[in-house]
Amino acid sequence: MPDQLAQPETGAAARPDAGPYDALLLLSFGGPEGPDDVVPFLENVTRGRGIPRERLKEVGQHYFGFGGVSPINEQNRQLLDALRKDFAEHGLDLPVFWGNRNWAPYLTDTLREMAVAGHRRIAVLATSAYASYSGCRQYRENLADALATLVEEGLEPPRVDKLRHYFNHPGFVDPMTDGVVAALESLPADVRGNAHLAFTTHSIPTAAADASGPVEDHTRGGAGGAYVKQHLDVAELIADEVAVRTGARHPWQLVYQSRSGAPHVPWLEPDVCDHLEALHGAGAPAVVMVPIGFVSDHMEVMYDLDTEATAKAAELGLPAARSATVGADPRFAAAVRELVLERAAVERGEPVERCWVGMLGASHDLCAVGCCPARAPRPAAAGADSPFA
């Protein structure tokens with residue numbers, strides 16, 4: 001593993017400088033918080049796709065099975081608390097706000113609140129660590145839509161800067177590694193040493209994967225572009241560190257979950273449940289499912305892994321465990337602080353050493369033209385093609 005690059009010490013008396021930023025926005029997906037919210041939430045998610053309401057009720061059964069409540073909002077509240085605690089403990093005077101793409105608190109409402117309060121330069125943390133249209137550019141499109149609404153209302157829109165992808169920041173990788181070690185220890189001793197690791201992430205259409213990341217990272221033929229490359233880098237990092245800590249080299253593979261959309265459209269494979277069947281057929285003694293594609297235990301983790309995939313493993317008689325996501329781990333909160341201060345120094349024109357592990361280096365600050373292109377052209381903020389200064 002390459003040496004980690006760390007920021008230089010600022011000295012005990014120095015207060016961290018987030019200028020020019022005067023606020024941080026936690027930008028997330030959102031989720032229903034009761035049975036009556038489920039279908040309206042899904043209508044927000046699928047707006048413009050013409051999906052009948054009855055079909056959305058069928059899809060909503062995943063949520064109804066958990067009382068109609070997605071855990072993502074509560075997990076974001078916990079992350080907000082962790083960020084505010086970390087900032088206060090380190091003398092970073094930066095207020096933290098929260099807005100969602102698809103449910104309350106809505107992004108537009110939060111940005112309006114921030115603008116009215118006088119915030120002019122906002123750093124944005126999206127709860128998606130990797131490059132892809134749905135994990136990056138769509139958030140930027142939502143930011144542009146919200147800013148345009150503020151302009152229509154006669155408000156001066158603040159400038160927003162999205163923080164870089166943090167998939168290979170140690171504050172994201174290290175907590176997941178701990179989770180894998182703990183999950184392995186939860187398996188029966190006689191199968192633990194030879195257990196396989198199934199690193200899981202959200203499947204996306206292969207065409208979207210091939211076009212993920214900057215243009216120079218785009219691929220053809222389903223190779224997966226930056227999206228797959230970044231996940232593979234993280235998986236290898238974790239597998240290597242687990243081998244060091246446990247003394248056992250565990251076979252691993254990147255697999256996918258939560259596919260949706262038309263059956264004839266190619267999506268990234270293999271599906272996690274198909275992979276479990278293949279492992280069982282090959283004689284694997286056990287498996288740990290590692291949701292590296294998810295920041296927290298939201299519905300795709302709780303249903304697709306904890307419910308469906310766990311049931312499949314039980315049906316096969318394959319001992320299985322699921323490792324923890326990062327959630328509100330204090331190391332992740334510290335990583336966010338480092339990312340804010342790093343980007344602030346860049347904006348001030350100061351040299352900065354970036355913190356990262358693995359083979360790919362620190363991700364870009366500003367999404368270039370052609371990065372994770374949209375299916376249909378739409379304005380996107382916080383990038384080189386932003387309509388907002």
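The values are calculated or read from the model by the stated rules, or taken from the named source; none is laboratory data. Since the model is a prediction, treat every value here as computed from it, not as a measurement. For neighbour counting, all protein chains shown are included, and Cβ atoms are generated from backbone atoms with ideal geometry for every residue, glycine included. Only protein heavy atoms, including side chains, enter the accessible area calculation; ligands, DNA and RNA are left aside. Shrake-Rupley method; radii C 1.70, N 1.55, O 1.52, S 1.80 Å.
Some observations on this one:
- Residue satisfying all of: in the range 250-268; crowded, with 17+ Cβ neighbours inside 10 Å and hydroxyl-bearing (Ser, Thr, Tyr); modelled with the lowest pLDDT among these: 258
- The range 44-61 residues that are under 20 Å from residue 300 (Cβ atoms) and touching a residue at least 12 places away in the same chain (Cβ under 8 Å), paired with ones that are part of a helix (DSSP H, G or I) and not hydrophobic (A, V, I, L, M, F, W, C) (beta carbon under 9 Å, 6 or more apart): 56/43; 60/35
- Qualifying positions in the range 105-133 - more than 19 Å from the chain's Cα centre (by Cα) and either open to solvent by 10 Å² or more (accessible area, probe 1.4 Å) or within 20 Å of residue 294 (Cβ to Cβ) (or both): 108, 109, 112, 113, 115, 116, 117, 118, 119, 120, 121
- Residue within the range 175-191 that is within 15 Å of residue 284 (Cα to Cα), open to solvent by less than 10 Å² (accessible area, probe 1.4 Å), in a helix (DSSP H, G or I) and modelled with pLDDT of 95 or more present: yes
- Output for the range 364-389, where each listed residue is of a type outside the set (A, V, I, L, M, F, W, C) and either in contact with a strand residue (DSSP E or B) (Cβ under 8 Å, 6 or more places away or on another chain) or closer than 21 Å to residue 121 by Cα (or both): 364, 365, 379, 383, 385, 386, 387
- Against the criterion of being open to solvent by 40 Å² or more (accessible area, probe 1.4 Å) and of a type in the set (A, V, I, L, M, F, W, C), residue 326 does not qualify.
- Residues of the range 333-375 that are in a loop (DSSP other than H, G, I, E, B) and charged (D, E, K, R): 348, 350, 353, 354, 365, 375.
- Unique match (being buried (at least 20 other Cβ atoms within 10 Å of the Cβ) and outside any loop (DSSP other than H, G, I, E, B)) among 102, 76: 76
- Residues being open to solvent by 40 Å² or more (accessible area, probe 1.4 Å) and either touching a Leu at 6+ places or on another chain (Cβ under 7 Å) or over 17 Å from residue 294 (Cβ atoms) (or both) - total across the range 329-346: 3
- Output for the range 79-99, where each listed residue is open to solvent by less than 40 Å² (accessible area, probe 1.4 Å), within 23 Å of residue 31 (Cβ to Cβ) and either among the acidic types (Asp, Glu) or in a loop (DSSP other than H, G, I, E, B) (or both): none
- Every condition in (1) assigned to a helix (DSSP H, G or I); (2) more than 19 Å from the chain's Cα centre (by Cα) holds for residue 378 except the one numbered (1).
- When residue 136 is tested against the conditions (1) open to solvent by less than 10 Å² (accessible area, probe 1.4 Å); (2) touching a residue at least 60 places away in the same chain (Cβ under 8 Å); (3) out of contact with any Cys (no Cβ under 7 Å at 6 or more places or on another chain), the lone failure is (3).
- Output for the range 235-249, where each listed residue is touching a helix residue (DSSP H, G or I) at 6+ places or on another chain (Cβ under 9 Å), open to solvent by 10 Å² or more (accessible area, probe 1.4 Å) and of a type in the set (Val, Ile, Thr): 246
- Considering (1) crowded, with 21+ Cβ neighbours inside 10 Å; (2) more than 30 Å from residue 164 (Cα to Cα), the lone condition that residue 280 does not fulfil carries the number (1).
- Matching option when the condition is crowded, with 18+ Cβ neighbours inside 10 Å, free of Cβ contacts under 8 Å to residues at least 24 places away in the same chain and of a type in the set (D, E, K, R), among 271, 210, 217: 210
- Looking at 60, 67, just one residue is buried (at least 18 other Cβ atoms within 10 Å of the Cβ) and either in contact with a Gly (Cβ under 9 Å, 6 or more places away or on another chain) or modelled with pLDDT of 90 or more (or both), and that residue is 60.
- Against the conditions (1) among the small types (Gly, Ala, Ser); (2) touching a residue at least 24 places away in the same chain (Cβ under 8 Å); (3) under 22 Å from residue 107 (Cβ atoms); (4) open to solvent by 40 Å² or more (accessible area, probe 1.4 Å), residue 23 satisfies every one except (4).
- With respect to (1) over 24 Å from residue 138 (Cβ atoms); (2) in contact with a strand residue (DSSP E or B) (Cβ under 7 Å, 6 or more places away or on another chain), the lone exception for residue 333 is condition (2).
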